[in-house]
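Peer 1: Below: one structure in structure tokens.
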Protein chains: 2
Amino acid sequence: MTGAPLEHPLPAGMRDLLPEEAAARRSLARRVLDVVTLHGYGLVTLPAFEFAEVLERGLGTLDPSDVLRFVEPESGEVAALRPDMTPQIARVVATRLRDRPPPVRLAYEGTVVRRRSGRARKHRQIPQVGVELAGVPGPGGDLELLALAADSLRAAGLERFTLDLGDAGIVRALLAGRAPEEQARLTEALARKDEGAVKDATLAALLRLQGGRDAIVEGTQLLARTPAAEAVARLLAIFDAAVARGLGAHVQADLGEMRGFAYYTGPIFHAYAAGTGDALVSGGRYDELLARFGCPMPAAGFAVDLDRLTEARRAAGVPAEREMRVVVIVPPGASPARAETEAPGDKPGVGQDDDARVAELRGRGVVAVAFGGSPEAARAYARAWGFTHVMEGPALAEVSC
Amino acid sequence: MTGAPLEHPLPAGMRDLLPEEAAARRSLARRVLDVVTLHGYGLVTLPAFEFAEVLERGLGTLDPSDVLRFVEPESGEVAALRPDMTPQIARVVATRLRDRPPPVRLAYEGTVVRRRSGRARKHRQIPQVGVELAGVPGPGGDLELLALAADSLRAAGLERFTLDLGDAGIVRALLAGRAPEEQARLTEALARKDEGAVKDATLAALLRLQGGRDAIVEGTQLLARTPAAEAVARLLAIFDAAVARGLGAHVQADLGEMRGFAYYTGPIFHAYAAGTGDALVSGGRYDELLARFGCPMPAAGFAVDLDRLTEARRAAGVPAEREMRVVVIVPPGASPARAETEAPGDKPGVGQDDDARVAELRGRGVVAVAFGGSPEAARAYARAWGFTHVMEGPALAEVSC
């Protein structure tokens, strides 16, 4: 209760967005959500944390250093800030939506909190918009999601991006039967693309199979007599179907792709663009996830990382939306900043909103505020708060940034 | 990791919104946010929890049973789910925005978690849109907020509502000098409107001073020679100014009004409407709050409770927005549900999105999904998932709810 100046200490992984950033984020989330809802995906809203037991059904045992968790005071149960929303969606599909006919198409917007890779004890808040498609097995569903991811990126103004296709079943099939520790070690080495640590000729060769259709054809030969033959055939088919679907300018293959959550069972994909090394979109098929929630059903989905998408838009020179926002200079008597010096009730109704120009601008959908000060002060105010114009009398002047 | 069916256990106070409810909520939040941003309020996005120390600077010492709190594992500090967003806004204004010129106009959207009154250990998640106006003292700022609250309710489709005006300074002035325990006891009795427990003629009389302008005039006489004379004069002036401003059909006075947070120092108001006993909007002036964050500045604000607003809209018969959403019946071969039985790559690109009718509807901004099943199944699907129409061949038929 002391009045000492505060820095802005926030709990781990938390962040404020100031007006300019918050408005840009809201507009971007809206663009992506508008596309996915147009495609019939219905928005659900999920709590920011869940009992750890629910998250672990989807994600496997959580490493305590990866996830922010706390003891829920009323029940004594452990709740955690979600590092991923897919297990929550699975919970909702398996419980409150289980009596509705498939296919289930859901969309969500929210923030997940994850440890930054390579940095112990540092968490990052990731704003996402994502979708889940349950009840549509195989390539029909996979293609729907690939096309929707591409549409979402285009709606965000990106034209150049790659969709890296892989299949979680390839490595999964090659590792089946090995000891769990060995599986974990190799999976991690593959995720790091660390050929030296892999020490298995077939797995190491996979890491080099990146690029166009040729990479998959080569993989088909490499894996012909292995348990991964089926998964690589599936990858080739989806690649070809994506090209036929008009995504030829974007699709790439990556046979050793291992990034992403452990729940993936089939095709997986990541979208990349210049300006950020991380994936803008991550998704894939997880046909076994809903069974873990007592509701076996094929499912697939993807999530868009809005921070990475923002970086890619900036790198691509996508112009920021700059809506017109006007500071209207009002006579001193009507200034809200002077209101305190007037006798209350003296000029009832004379206030900043009563200016006819302000009302007229707002009536046309233009953001407007009244300002009782000099033109210079009004311009400084406009610059500080992201207003584009200052109006003095009837004259409207643009404000340079 | 077992597959036993889950109920939907959620941490205390948490709730999912299913598609229909989530879409309605999103649309309502958007209407209110669109109004306040049109008035120049800039959106900020704040984390769902804060260190308890920050919240307590604003709210006073938090009763542990009122607030969900937990030990942040990395720092050992106590974080809490916010019961109110105003202290967070104050933190942002006092730190990251302190160098920008006033007035500060901020808007926020988010969820707070509070204990339900009268029910121990039961928390409620309250979805809010709110605003804060800092740097505008006195009636100018108060009127701006009253008018904006009325505009927000109108934008949500409500025409009949009351704006109950009070002044936190009245009771504050009358209680000044009493022992803190006595103050707390009386404040609570006033909040409960429990005349018997008040045992003070002036305070008890306040509780009966509700209604139109006459109630304030009567209060002016009652409080003429008390320390509350200034606060009641301020209330009368704001009442008159609100009437002059065109809010005469809505404003009411309530001189004993004590609901709300302890930080209020001056005029306060609540909006009510038929269909819900709780306030749709709560707000007021808290000129001492920012000083507690090291940045003395007058401030006022309000928050709209979107759940209560939804109830009031329903009671007022405001029609739910029902956008057109179409299930398009596609030939069996193109059905996504059959895709798994086709040889992959056999019909590349033939999928649910490729139907020309689906593309045409989406091109016009109409939500559309392809469905590979009988007309009967399509209608059942439409009803289950909130689609309004089924399209068979070129024929579009409305679906009854």
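The values are calculated or read from the model by the stated rules, or taken from the named source; none is laboratory data. A quick note: this is a predicted structure, and the numbers were derived from the prediction, not measured. Cβ sites come from the backbone with ideal geometry, for glycine too, and all protein chains shown count toward neighbours. Heavy atoms of the whole protein, side chains included, go into the accessibility calculation; ligands, DNA and RNA do not. Shrake-Rupley method; radii C 1.70, N 1.55, O 1.52, S 1.80 Å.
Peer 1: Among the residues of region A:285-299, is there at least one that is touching a strand residue (DSSP E or B) at 6+ places or on another chain (Cβ under 8 Å), in the same structural domain as residue A:191 (by TED's automatic domain parsing) and under 20 Å from residue A:210 (Cβ atoms)? Don't jump to the end; show me each part of the working.
Peer 2: Initially, region A:285-299 is screened for residues touching a strand residue (DSSP E or B) at 6+ places or on another chain (Cβ under 8 Å), giving A:285-287, A:289-290, A:297-299.
Imposing the further condition that a residue be in the same structural domain as residue A:191 (by TED's automatic domain parsing) reduces the set to A:285-287, A:289-290, A:297-299.
Imposing the further condition that a residue be under 20 Å from residue A:210 (Cβ atoms) reduces the set to none.
Checking region A:285-299: not a single residue is touching a strand residue (DSSP E or B) at 6+ places or on another chain (Cβ under 8 Å), in the same structural domain as residue A:191 (by TED's automatic domain parsing) and under 20 Å from residue A:210 (Cβ atoms).
Every residue, every condition in (1) in a strand (DSSP E or B); (2) surrounded by fewer than 17 Cβ atoms within 10 Å (Cβ to Cβ); (3) in the same structural domain as residue A:158 (by TED's automatic domain parsing), yes or no:
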{"position": "A:10", "(1), (2), (3)": "no, no, no"}
{"position": "A:14", "(1), (2), (3)": "no, no, no"}
{"position": "A:23", "(1), (2), (3)": "no, no, yes"}
{"position": "A:30", "(1), (2), (3)": "no, yes, yes"}
{"position": "A:33", "(1), (2), (3)": "no, no, yes"}
{"position": "A:36", "(1), (2), (3)": "no, no, yes"}
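Peer 1: Restricting to region A:20-34, what's the tally of residues that are more than 9 Å from chain B (Cβ to nearest Cβ) and of a type in the set (A, V, I, L, M, F, W, C)?
Peer 2: Qualifying residue count for the region: 4.
Peer 1: Right, another one. Against the condition crowded, with 23+ Cβ neighbours inside 10 Å and either at pLDDT below 85 or touching a helix residue (DSSP H, G or I) at 6+ places or on another chain (Cβ under 7 Å) (or both), how does residue B:71 come out, does it pass? Talk me through it step by step, then tell me what you get.
Peer 2: On the way: crowded, with 23+ Cβ neighbours inside 10 Å: no; either at pLDDT below 85 or touching a helix residue (DSSP H, G or I) at 6+ places or on another chain (Cβ under 7 Å) (or both): yes.
For residue B:71, the condition - crowded, with 23+ Cβ neighbours inside 10 Å and either at pLDDT below 85 or touching a helix residue (DSSP H, G or I) at 6+ places or on another chain (Cβ under 7 Å) (or both) - is not met.
Peer 1: With the checklist (1) within 14 Å of chain B (Cβ to nearest Cβ); (2) of a type in the set (A, V, I, L, M, F, W, C); (3) under 30 Å from residue A:219 (Cα atoms); (4) outside any loop (DSSP other than H, G, I, E, B) in hand, flag the one item residue A:291 doesn't pass.
Peer 2: Result: residue A:291 fails condition (3) only.
Peer 1: Further question on the same structure: Which of the residues belonging to region B:216-228 are touching a residue at least 12 places away in the same chain (Cβ under 8 Å) and either open to solvent by less than 40 Å² (accessible area, probe 1.4 Å) or of a type in the set (A, V, I, L, M, F, W, C) (or both)?
Peer 2: Once the filter is applied, which keeps residues that are touching a residue at least 12 places away in the same chain (Cβ under 8 Å) and either open to solvent by less than 40 Å² (accessible area, probe 1.4 Å) or of a type in the set (A, V, I, L, M, F, W, C) (or both), region B:216-228 yields B:216, B:217, B:219, B:222, B:223, B:226, B:228.
Peer 1: I would also like to ask the following. Could you list all residues from region B:234-276 that are under 20 Å from residue B:309 (Cα atoms), open to solvent by less than 40 Å² (accessible area, probe 1.4 Å) and more than 14 Å from chain A (Cβ to nearest Cβ)?
Peer 2: Of everything in region B:234-276, those that are under 20 Å from residue B:309 (Cα atoms), open to solvent by less than 40 Å² (accessible area, probe 1.4 Å) and more than 14 Å from chain A (Cβ to nearest Cβ) turn out to be B:250, B:268, B:269, B:270, B:271, B:272, B:273, B:276.
Peer 1: In region A:362-401, how many residues are under 19 Å from residue A:331 (Cα atoms), part of a strand (DSSP E or B) and open to solvent by 30 Å² or more (accessible area, probe 1.4 Å)?
Peer 2: The number of residues fulfilling the criteria is 5.
Peer 1: Would you point out which residue out of A:151, A:142 is at negative phi, in the same structural domain as residue A:303 (by TED's automatic domain parsing), open to solvent by 40 Å² or more (accessible area, probe 1.4 Å) and within 24 Å of the chain's Cα centre (by Cα)?
Peer 2: Among A:151, A:142, only A:151 is at negative phi, in the same structural domain as residue A:303 (by TED's automatic domain parsing), open to solvent by 40 Å² or more (accessible area, probe 1.4 Å) and within 24 Å of the chain's Cα centre (by Cα).
Peer 1: Also, quick follow-up: Here are some conditions: (1) modelled with pLDDT of 95 or more; (2) within 30 Å of residue B:29 (Cβ to Cβ); (3) outside the structural domain of residue B:91 (by TED's automatic domain parsing). Residue B:302 meets all but one. Which one does it not meet?
Peer 2: (3)
Peer 1: Now a separate question. Restricted to region A:293-311, and to residues that are closer than 28 Å to residue A:383 by Cβ and touching a Lys or Arg at 6+ places or on another chain (Cβ under 9 Å), which residue is surrounded by the fewest Cβ atoms within 10 Å (Cβ to Cβ)?
Peer 2: Ranking the candidates gives A:307 first.
Peer 1: Cβ contacts < 7 Å: first residue among the basic types (Lys, Arg), restricted to region A:201-215; second residue assigned to a helix (DSSP H, G or I), any location; separation 6+ or different chain. Result?
Peer 2: Partner pairs satisfying both residue conditions: A:213/A:239.
Peer 1: Residues in region A:58-67 that are open to solvent by 10 Å² or more (accessible area, probe 1.4 Å) and either part of a strand (DSSP E or B) or modelled with pLDDT of 75 or more (or both): how many?
Peer 2: Residues meeting the conditions: 2.
Peer 1: Return yes when residue A:53 is open to solvent by 10 Å² or more (accessible area, probe 1.4 Å), in a helix (DSSP H, G or I) and within 27 Å of residue A:295 (Cα to Cα) and no when it is not.
Peer 2: yes
Peer 1: State yes or no: is residue A:328 crowded, with 22+ Cβ neighbours inside 10 Å and in contact (Cβ under 8 Å) with a residue 12 or more places away in the chain?
Peer 2: yes
Peer 1: What number of residues in region A:284-299 are modelled with pLDDT under 95 and of a type in the set (Lys, Arg)?
Peer 2: Counting residues in region A:284-299 that are modelled with pLDDT under 95 and of a type in the set (Lys, Arg) gives 1.
Peer 1: Take residue B:340 and decide whether it is assigned to a helix (DSSP H, G or I), farther than 24 Å from residue A:44 by Cα and either away from every other protein chain (no Cβ under 11 Å) or modelled with pLDDT of 95 or more (or both).
Peer 2: So residue B:340 fails the test.
Peer 1: Just checking, which of B:165, B:203 is at pLDDT 95 or above and touching a helix residue (DSSP H, G or I) at 6+ places or on another chain (Cβ under 8 Å)?
Peer 2: B:165 is the lone residue from the list that is at pLDDT 95 or above and touching a helix residue (DSSP H, G or I) at 6+ places or on another chain (Cβ under 8 Å).
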